[in-house]
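The values are calculated or read from the model by the stated rules, or taken from the named source; none is laboratory data. Since the model is a prediction, treat every value here as computed from it, not as a measurement. Neighbour counts are summed over all protein chains in view; Cβ atoms, including those assigned to glycine, are modelled from backbone coordinates with ideal geometry. Only protein heavy atoms, including side chains, enter the accessible area calculation; ligands, DNA and RNA are left aside. Shrake-Rupley method; radii C 1.70, N 1.55, O 1.52, S 1.80 Å.
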Amino acid sequence: MKSIVLLYLLFITVAHGESVCDAISFVNRAGWGAREPTSITNLTTKPLSLFAIHHAEDPPSCYDDESCVERVKEIQIFHQHNQSWVDIGYHFLVGENGKVYEGRGWDRQAAHSPGWNNDAYSISFIGNFSTSSPNEKALKTARSWMNCGVERHYVTKDFYVITHRQSQRPGYTTW
Ligand SMILES: *[C@@H]1O[C@H](CO)[C@@H](O)[C@H](O)[C@H]1NC(C)=O
Ligand SMILES: *[C@@H]1O[C@H](CO)[C@@H](O)[C@H](O)[C@H]1NC(C)=O
Ligand SMILES: *[C@@H]1O[C@H](CO)[C@@H](O)[C@H](O)[C@H]1NC(C)=O
């Protein structure tokens with residue numbers, strides 16, 4: 001149910017505009033002080049036609065640039081240290097400050113959903129959205145970013161959006 005509401009929110013304005021990419025505040029890895037990945041695997045087939053939407057759940061939401069950068073760093077450390085992944089797990093992260101943070105970016109495989117890592121781009125909202133939605137600013141940013149992927153030919157025009165839960169066995173995650 002929650003997933004359906006979220007998908008609806010994401011889709012209502014997946015419309016087409018002029019260069020959507022330019023209108024988005026994007027923070028690349030250098031911009032948030034990413035650590036080096038311990039290894040890199042590139043995506044082998046682009047464009048992709050799927051986005052998997054996640055929420056980072058812990059740490060909590062961030063609304064200003066400083067705390068969002070802290071959260072992204074924290075998530076990377078958690079993924080590298082506690083999960084023993086080579087890098088932050090997501091392709092991109094979106095804060096409620098309305099900015100997109102580069103995780104593994106458009107070219108690399110990620111580690112977000114076992115079985116789907118070479119097929120889907122992952123976008124994670126920073127915060128726990130088990131019982132609420134990300135704010136309109138964050139939703140709008142995520143929608144625009146998907147359209148930007150189409151504009152830059154990383155994503156097919158007829159892409160799908162799924163929530164993480166839909167890609168995994170029941171109970172694997174709440175999203
Ligand atoms: C991955 O792709 C980048 C460019 O997108 C390239 O510079 C790099 O050599 C590639 N790495 C591997 C292991 O293929
Ligand atoms: C996320 O929010 C839900 C609902 O409020 C709560 O049950 C859950 O414990 C929270 N998760 C974390 C990691 O704080
Ligand atoms: C991650 O691992 C460190 C120790 O390496 C531990 O102190 C910390 O509590 C762990 N974080 C989480 C969220 O489990």
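Assorted remarks:
- Only listed residue being under 21 Å from residue 37 (Cβ atoms) and in contact with a strand residue (DSSP E or B) (Cβ under 6 Å, 6 or more places away or on another chain), chosen from 110, 138, 142: 110
- As a summary of the residue check, residue 72 satisfies the conditions (1) within 16 Å of ligand 3 (Cβ to nearest atom); (2) within 18 Å of residue 147 (Cα to Cα) except for the one numbered (2).
- Residue match in the range 87-100 (condition: farther than 25 Å from residue 30 by Cβ and of a type outside the set (S, T, N, Q)): no
- Residue that is nearest to ligand 2 (Cβ to nearest atom) [pool: residues in the range 130-152 that are open to solvent by 20 Å² or more (accessible area, probe 1.4 Å) and under 19 Å from residue 50 (Cβ atoms)]: 144
- Number of the condition not met by residue 57 [criteria: (1) more than 16 Å from ligand 1 (Cβ to nearest atom); (2) touching a residue at least 60 places away in the same chain (Cβ under 8 Å); (3) touching a Ser or Thr at 6+ places or on another chain (Cβ under 8 Å); (4) open to solvent by less than 70 Å² (accessible area, probe 1.4 Å)]: (4)
- Restricted to the range 36-69, and to residues there that are within 18 Å of the chain's Cα centre (by Cα) and within 16 Å of ligand 3 (Cβ to nearest atom), the residue that is modelled with the highest pLDDT is 60.
- Note on the range 93-120: residues that are within 16 Å of ligand 1 (Cβ to nearest atom), at pLDDT 95 or above and crowded, with 23+ Cβ neighbours inside 10 Å amount to 2.
- Scan the range 78-92 for residues that are open to solvent by 30 Å² or more (accessible area, probe 1.4 Å) and either within 16 Å of ligand 1 (Cβ to nearest atom) or under 16 Å from residue 154 (Cα atoms) (or both) and the total you get is 1.
- Checked against the criterion of being within 21 Å of residue 107 (Cα to Cα), in contact (Cβ under 8 Å) with a residue 40 or more places away in the chain and either within 16 Å of ligand 2 (Cβ to nearest atom) or open to solvent by less than 40 Å² (accessible area, probe 1.4 Å) (or both), the range 61-73 contains one or more residues that satisfy it.
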